[in-house]
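The structure under discussion appears below in the form of structure tokens.
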Amino acid sequence: MSALSKAAILAADDLKREVVEVPEWGGAVNIGMLTATQREALFDAVFGKSDAEKGRLFRRALLTFALVDDAGKPLFDASDIDALLAKSALVVDRLSAAAMKLNGLG
């Protein structure tokens, strides 16, 4: 196997996505892998917070980054997350678990 060039590394599509069925919403959503930048932002969002805040902030940041459209672009931004978290806790937990598994977290 030959060594990869800079161009080959930067052109590689290494961000996997998986479809998670959400029957409660009448369809499915894409869960995407986080970029290294998004993962750093996720950790920055919870670093230095109290234990009580860490879980809440982690889930908020994770879902903001991981719920993506078919092109891998985030569906939500920070201003949308409260509305998303007003949805079923079972669904939010399922999507969080899928995002954690796909991204090797936890």
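The values are calculated or read from the model by the stated rules, or taken from the named source; none is laboratory data. Bear in mind that the values here come from a model prediction, so they are computed numbers and not experimental data. A quick note on method: Cβ atoms are made from the backbone with ideal geometry, for glycine too, and the neighbour counts reach across all protein chains shown. The accessibility values were calculated without ligands, DNA or RNA, using every heavy atom of the protein model including side chains. Shrake-Rupley method; radii C 1.70, N 1.55, O 1.52, S 1.80 Å.
Pairing each residue of the stretch 55-66 that is more than 14 Å from Thr37 (Cβ to Cβ) with any residue that is in a helix (DSSP H, G or I) and of a type in the set (S, T, N, Q), provided the two are 6+ apart or on different chains, yields C-beta distances under 6 Å for Arg59/Ser96. Given (1) more than 16 Å from the chain's Cα centre (by Cα); (2) open to solvent by less than 40 Å² (accessible area, probe 1.4 Å), where does Val29 come up short, assuming only one miss? So the condition that Val29 fails would be (1). The residues of the stretch 79-106 that are among the β-branched types (Val, Ile, Thr) and either over 20 Å from Thr37 (Cα atoms) or under 10 Å from the mean Cα position of the chain (by Cα) (or both), listed by number, are Val91, Val92. Listed by first and then second residue, the pairs linking a residue in the stretch 24-47 that is in contact (Cβ under 8 Å) with a residue 40 or more places away in the chain to a residue that is open to solvent by 40 Å² or more (accessible area, probe 1.4 Å) and assigned to a strand (DSSP E or B), with Cβ atoms under 7 Å apart and 6 or more places separating them unless they lie on different chains, are Asn30/Arg17; Asn30/Val19; Ile31/Arg17; Ile31/Glu18; Gly32/Arg17. Gly48 meets the conditions (1) under 16 Å from Ser96 (Cβ atoms); (2) open to solvent by less than 80 Å² (accessible area, probe 1.4 Å); (3) out of contact with any helix residue (DSSP H, G or I) (no Cβ under 8 Å at 6 or more places or on another chain); (4) not charged (D, E, K, R) in every case but one. The failed one is (1). Look at Asp69 and say whether it is surrounded by 14 or more Cβ atoms within 10 Å (Cβ to Cβ) and without any contact (Cβ under 8 Å) to a residue 40 or more places away in the chain. No.
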